[in-house]
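First the structure, in the form of structure tokens, and then the observations on it.
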Amino acid sequence: MVTKSTLVEKPRKQRQDMLPALQEFTQGLMRSAGIGIYTAGKGKVLVMDDDGEIRDATGEMLSHIGYEVGYARDGAEAVEAYKKAIDSGESFDVVMLDMTVVGGMGGKEAMGKLKEITPAVKAIVLSGYSVHPLMADFKQWGFSEAISKPYEIAELSKVVRRLLPA
């Protein structure tokens, strides 16, 4: 049994020297649990979200892990960007569509239009409403995957990699 009188506290400097080893140990545990780990990928992804901060953050995360990213503010803009990419010979591999767009075309309607262009389009629906029926039955609406906002880079990486394996 350790009593207070026998406990020797390590000097502050010695504790700080242990930080790199502790960080490495923690990262190893996270890797083994599959937490916070992302895999680099390749491909072209179109991100549609009416919230500029979310759109930009999602694009930054995707760029960081190796994807080329295009942006759209609403469904109409996404459909137009998708058509232009096909016409230029550099089509998008995956499209990410926000389900709800204030004052514009949302993901569900945009998905219908994209399916008319490319029936096998790979698309991910994004939503802050995780209990919405579309999120539960996303495949019924033609989406390949769904992800609830907010999401982290590890989760985003996993979802995109399911559609674009290495």
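The values are calculated or read from the model by the stated rules, or taken from the named source; none is laboratory data. If you're wondering where the values come from, they're calculated on a predicted model, not measured in any experiment. Don't worry about glycine lacking a Cβ; one is built from the backbone with ideal geometry, like all the others, and counts go over all protein chains shown.
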What number goes with the only condition from (1) among the small types (Gly, Ala, Ser); (2) part of a loop (DSSP other than H, G, I, E, B); (3) buried (at least 17 other Cβ atoms within 10 Å of the Cβ) that SER157 does not pass? (2)
For segment 99-118, the count of residues that are touching a Leu at 6+ places or on another chain (Cβ under 7 Å) and modelled with pLDDT of 95 or more equals 2
Filter result for the condition that a residue is under 15 Å from the mean Cα position of the chain (by Cα), among the β-branched types (Val, Ile, Thr) and at pLDDT 95 or above, over VAL69, VAL79, VAL121: VAL69
Let me spell it out: the conditions are (1) without any contact (Cβ under 8 Å) to a residue 60 or more places away in the chain; (2) surrounded by 14 or more Cβ atoms within 10 Å (Cβ to Cβ), and VAL102 meets all of them except one. Which number is the exception? (2)
Residue in segment 25-47 that is closer than 13 Å to ASP98 by Cα and at pLDDT 95 or above present: yes
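Rundown of residues vs (1) over 15 Å from VAL47 (Cα atoms); (2) in contact with a strand residue (DSSP E or B) (Cβ under 8 Å, 6 or more places away or on another chain); (3) at pLDDT below 95, yes/no style:
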residue: PHE92; (1), (2), (3): no, yes, no
residue: LEU126; (1), (2), (3): no, yes, yes
residue: VAL131; (1), (2), (3): yes, no, yes
residue: ASP137; (1), (2), (3): yes, no, yes
residue: ALA146; (1), (2), (3): no, yes, yes
residue: LYS149; (1), (2), (3): no, yes, yes
residue: VAL160; (1), (2), (3): no, yes, no
residue: ALA166; (1), (2), (3): yes, no, yes
Could you list, in sequence order, the residues of segment 64-112 that are closer than 16 Å to GLY52 by Cβ and part of a loop (DSSP other than H, G, I, E, B)? ARG73, ASP74, THR100, VAL101, VAL102, GLY103, GLY104
